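The values are calculated or read from the model by the stated rules, or taken from the named source; none is laboratory data. Since the structure is predicted, the reported quantities are computational estimates derived from the model, not experimental observations. All Cβ positions, even for glycine, are placed from backbone atoms using ideal geometry, and neighbour counts span all protein chains on display.
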Amino acid sequence: MNVKSVQLVSDYFNAMQQSKEARATNDQTRVAAIRNTLMQGKKLRIDEMNYLQRKDSNLYNQAMSLSMERQAYKDVLQHSRSKADASYYRTFKLMQIAGQLKHGGSEEQLMRVNSIQEAHREFTRSSKYASLR
């Protein structure tokens with residue numbers, strides 16, 4: 001057996017292992033960045049949702065749940081009759097989330113709170129809110 005060919009095969013396997021480790025690190029970094037976006041209460045882009053669906057199904061399910069809850073909250077805000085109503089809905093929703101905090105999952109609850117807060121900020125900047133009494 002040629003010593004040179006054994007060395008080349010060994011180099012090839014080392015390079016493959018390094019490449020695999022780099023991809024795993026890249027995946028972890030991207031999932032962490034997406035988790036951070038959710039923690040800030042921001043909406044995810046379609047490509048981020050698709051990535052989560054492939055790489056982290058638990059976080060994807062959380063993101064889908066947050067998205068649906070946020071949309072339901074925005075729908076309620078659209079039907080507000082006054083600024084006081086909008087404020088009441090926000091307080092009610094935040095109290096509802098706080099009541100569920102004792103069941104655990106504080107990270108998910110924080111994501112929910114921040115998502116509601118962000119949706120409320122968007123609504124207060126809208127022309128619909130400005131037209132309320």
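The table below lists the values:
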{"quantity": "Filtered residues of region 99-118 (kept if without any contact (Cβ under 8 Å) to a residue 12 or more places away in the chain and over 18 Å from residue 61 (Cβ atoms))", "calculated": "99, 101, 102"}
{"quantity": "Residues of region 97-115 satisfying the condition of being surrounded by 12 or more Cβ atoms within 10 Å (Cβ to Cβ) and among the basic types (Lys, Arg)", "calculated": "112"}
{"quantity": "Condition met for residue 81 (in contact with a helix residue (DSSP H, G or I) (Cβ under 9 Å, 6 or more places away or on another chain), assigned to a loop (DSSP other than H, G, I, E, B) and of a type in the set (D, E, K, R))", "calculated": "no"}
{"quantity": "Conditions (1) of a type in the set (Lys, Arg); (2) surrounded by 11 or more Cβ atoms within 10 Å (Cβ to Cβ); (3) touching a helix residue (DSSP H, G or I) at 6+ places or on another chain (Cβ under 8 Å); number of the one not met by residue 45", "calculated": "(3)"}
{"quantity": "Cβ-Cβ under 8 Å pairs, at least 6 apart or on other chains, region 28-40 side without any contact (Cβ under 8 Å) to a residue 12 or more places away in the chain, far side in a helix (DSSP H, G or I) and surrounded by 13 or more Cβ atoms within 10 Å (Cβ to Cβ)", "calculated": "37/48"}
{"quantity": "Condition met for residue 67 (surrounded by 11 or more Cβ atoms within 10 Å (Cβ to Cβ), hydroxyl-bearing (Ser, Thr, Tyr) and over 14 Å from the mean Cα position of the chain (by Cα))", "calculated": "no"}
{"quantity": "Checklist (1) closer than 17 Å to residue 123 by Cα; (2) at pLDDT below 90 applied to residue 84, failing item", "calculated": "(2)"}
{"quantity": "Restricting region 81-96 to residues that are free of Cβ contacts under 8 Å to residues at least 24 places away in the same chain and among the hydroxyl-bearing types (Ser, Thr, Tyr), the residue that is surrounded by the fewest Cβ atoms within 10 Å (Cβ to Cβ)", "calculated": "91"}
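Conditions tested, residue by residue: (1) over 14 Å from residue 116 (Cα atoms); (2) of a type in the set (A, V, I, L, M); (3) in contact with a Phe, Trp or Tyr (Cβ under 7 Å, 6 or more places away or on another chain); (4) assigned to a helix (DSSP H, G or I).
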position	(1), (2), (3), (4)
26	yes, no, no, yes
29	yes, no, no, yes
33	yes, yes, no, yes
43	no, no, no, no
54	yes, no, no, yes
63	no, yes, no, yes
66	no, yes, no, yes
